[in-house]
Amino acid sequence: MSSRKRSKFTSAEVEKHFVDMAQWLAMESKAEIVRMEERRKLQNSKDAERSGESILNLVITDHQPGIGGHELITFKRRNESLPMPWHRLRAGSPVVVSLLDSKNANSETGVVSRKRKDSIEIALNRRPEGDCFRIDLTADEITRQRQLAAINTAVNSRGRLGHMRSVLMGKRPPGFSDRVPDITFQTQLNESQQAAVRFALSAEDLAIIHGPPGTGKTTTVVELIVQAVERGEKVLACAPSNTAIDNLLERLIMARQRVVRIGHPARVAERVRDHSLDGLVEQHDNMPVIREMLREAEAIFRKADKWTRAKQPRGYRQEQRREAKRLISDARMLERQAAESIMSRANVVCATTTFNEDKLADRWFDLCVIDEACQSTEPGSWVPILRCEKLILAGDHQQLPPTVLSSDAARQGFAKSLMERQMELYGSDASKMLTVQYRMHQKIMNFSSRVFYDGELTAHDSVKSHLLTDLKGISTDAPPADESQFSIENYLNEPVTFIDTAGAGWDEELEPEGLSKRNPQEAKLVLKKAQLLIASGLPPEDIAIIAPYAAQVRLLRALAENSDLEIDTVDGFQGREKEAVLISLVRSNQDNEIGFLSDRRRMNVALTRSRRKLVVIGDSATLGGHDFYKSFFEYVESIGAYHTVWEEP
């Protein structure tokens, strides 16, 4: 992991790589359009909603003005007795709102601003007309165009950007200063975190902070940004998702930094919306004057359009409209001046990696930090690179790679992030790994540490031995009637439990009218084990159930009696944690086919979400032929965590 894995690119290879990236973007766009067209053809709610990218049979229940001139429209099920279906629409997702029985006629594009269990709020330019609607995830072509423009700029650049391109393409090694000034850390960091901050501050062009699960990567990144600001630097802080950048923004606010978040107002989490550029402009001293000018302009427009019996002087109405337009133009100028003053005062600008460059005008940053860098395709990372003197990539290339729809593009290299490629080029020469984790019991941690991190992770004293029974309210005195006293105590005090279903005949099946896999018997068992935790006093909101297949997620959600249990795919839990996590592996067949369970990085995410209790249920006969799962089964046996379905704990 620490050695350099390939030599530098030739000039021809560099040019080809940028050409390839442009082609991959086109392939991804085509794949997304095809998928949307197929989904739009499905009018039956069961078929259309199966993908999680559409919601049908919706009515408008509320609307209110939002910042940035948008309307916030709340949609609920037309039949309120029916729950909202499981879906992948999250805050910031681009969507199309259209009438249920239309073929995308009179549709409105918008952005998800909030989701609840029984509703979804969309930011639209205007309220749509009609009685019953559908909402569909849509392609974000604007983002793709920004990425394409960035790589076209990068491939032909000279000067500092040309130097950065040479480093990132392996033609020139990254440089580091021998002298790093004394640092007074603002937060309490462990030795590996302090070393990572010092290393990043010494970088002349590129450095990588490798943060395995639970190692305090965000804490380290925030400290790095604070130290850079202390040195007088301007910082551009980015992440590929709105959730990730808003989490970083919140931490920077707590660190008392002068920070501004740019981006569509609906894509900014409500808790930090006051720190968005639009939110700060709303609070600016100019705003009372701006609002009054806009009200006056509206009044003049109404007056000019109003019919009167008295004959108006020649050109009167045209002059009135010109006056109203002048007022609006002056108001917008004051608004731009307010935004410019806010941006100029900020030490840190936060944005997703594919931000609108117009918001930054000609600003240049001393430092760009891309958090969760491994979740961005490489073209997305080039957008902020165009604006910075030096670059820090933070993330973990041993967890989920970027999501790519085009299998051809993914196979050719589009699913490899810029950070993963830099780790292949430079390894430990350009990176520092955080080695102390603050999430998991050491028995939950150890397997991933050995397989993915060369055994270098250690569990902090505060978590290395913590158990569910250490939590207030957890009791072993009243197990369900079908559980023994010994069983419940063992179950709660064992940090890792693997239940082998081999030989039980719990075969997987295709979801009816679908292509995704599910395992009904395994679903029933995982819910039984979750219910046992709840009966022992663990709040359901502290429990997660993870399944690698969407069909199993849908089945689990349908069977679950407690709506507070969070059930989702692996991707939905990236970067998160729960006190207890239960994983249903699903695959069980005579041919030992395991499909995309062979993606070790996806399983690394699943296995490292829990703090005190990890339960894995699967068929060792099907999975044991794969080296990764064979090693996992050997590990659970070595710590006494192996059980069969016949003698389940």
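The values are calculated or read from the model by the stated rules, or taken from the named source; none is laboratory data. Keep in mind it's a predicted model, so treat the numbers as computed, not measured. Cβ coordinates were reconstructed from backbone atoms using ideal geometry, including for glycine residues, and neighbour counts include every protein chain displayed. Accessible surface is based on the protein model in full, side chains and every heavy atom, while ligands, DNA and RNA are left aside. Shrake-Rupley method; radii C 1.70, N 1.55, O 1.52, S 1.80 Å.
Note on segment 450-597: Cα Rg divided by 2.2 N^0.38 Å, N the number of residues, gives 1.13. Looking at segment 321-390, the chymotrypsin sites (Phe, Trp or Tyr not before Pro) that sit in a DSSP loop and have at most 15 other Cβ atoms within 10 Å of their own Cβ are TRP364. Comparing ALA324, GLY130, GLN64 along the charge dipole axis of the chain, the residue lying farthest to the positive side is ALA324, per the Cβ-charge model.
In the chain, if the dipole is taken from +1 on Lys/Arg beta carbons and -1 on Asp/Glu beta carbons about the Cα centre, which of ALA48, ALA523, LEU168 is farthest to the positive end? About the Cα centre, the residue reaching furthest to the positive side is LEU168.
Surface analysis of the chain yields an accessible area of 45 Å² per residue, using protein heavy atoms and a 1.4 Å probe. Of the beta bridges in the chain, as assigned by DSSP with both residues counted there, near 40 percent are antiparallel. The Cα trace of the chain gives Rg and Dmax of 27.1, 96 Å, the first to one decimal, the second as a whole number. How high is the relative contact order of the chain, given as a whole-number percent (alpha carbon pairs under 8 Å, six or more residues apart)? Worked out over the chain, it gives 13 percent. For ASP619, the residues whose modelled amide H falls within less than 5 Å of its own, excluding neighbours fewer than 5 places apart on the same chain, are THR501.
Legend: calculated FRET efficiency, ASP274 to ASP507, from the Cβ-Cβ distance at R0 = 51 Å, rounded to 0.05, equals 0.45. Could you pull out which residues in segment 521-557 have an amide N less than 15 Å from a spot 7 Å beyond the Cα of ASN589, following the Cα-Cβ vector? Hits in segment 521-557 for ASN589 at 15 Å: 549-552. Amide H contacts of ILE567: ILE545, each under 5 Å away and 5 or more positions distant or on a separate chain (H built 1.01 Å from N in the peptide plane; Pro and chain starts excluded).
Ranking ALA544, THR497, VAL222 by how far each Cα lies toward the positive end of the dipole of the chain (charges on Cβ) leaves VAL222 at the top. Can you pull the percent of the chain's accessible area that's carbon plus sulfur, 1.4 Å probe, other chains left in place? Percent of accessible area from carbon and sulfur atoms in the chain: 47.
Once the Cβ-Cβ distance of ARG90 and ARG256 is raised to the sixth power relative to R0 = 25 Å, the FRET efficiency obtained is 0.30. Restricting the GluC sites (Glu not before Pro) of segment 195-269 to loop positions (DSSP other than H, G, I, E, B) with no more than 16 neighbouring Cβ atoms within 10 Å leaves GLU204. Taken over the C-alpha atoms, segment 550-630 has Rg and Dmax values of 13.1, 37 angstrom.
Loop only per DSSP, at most 10 neighbouring Cβ atoms within 10 Å: give me the GluC sites (Glu not before Pro) in segment 510-582, ordered by residue number.
Of the GluC sites (Glu not before Pro), the ones in loops of segment 510-582 whose Cβ has at most 10 other Cβ atoms within 10 Å are GLU513, GLU561.
Calculated mean residue ellipticity, 222 nm, the chain: -11500 deg cm²/dmol, from DSSP H runs (n ≥ 4) at -39500 (n - 2.57) each, averaged per residue and rounded to 500. For LEU248, the shell of other residues with beta-carbons less than 14 Å away shows a net charge of -1, using +1 for Lys and Arg and -1 for Asp and Glu. Only aspartates and glutamates eight or more places from LYS359 in sequence, or on another chain, were considered; those with a Cα closer than 14 Å are ASP278, GLU335, GLU340.
When only the Cβ of Lys, Arg, Asp and Glu is charged (+1, +1, -1, -1), the dipole of segment 497-604 relative to its Cα centre reaches about 140 debye.
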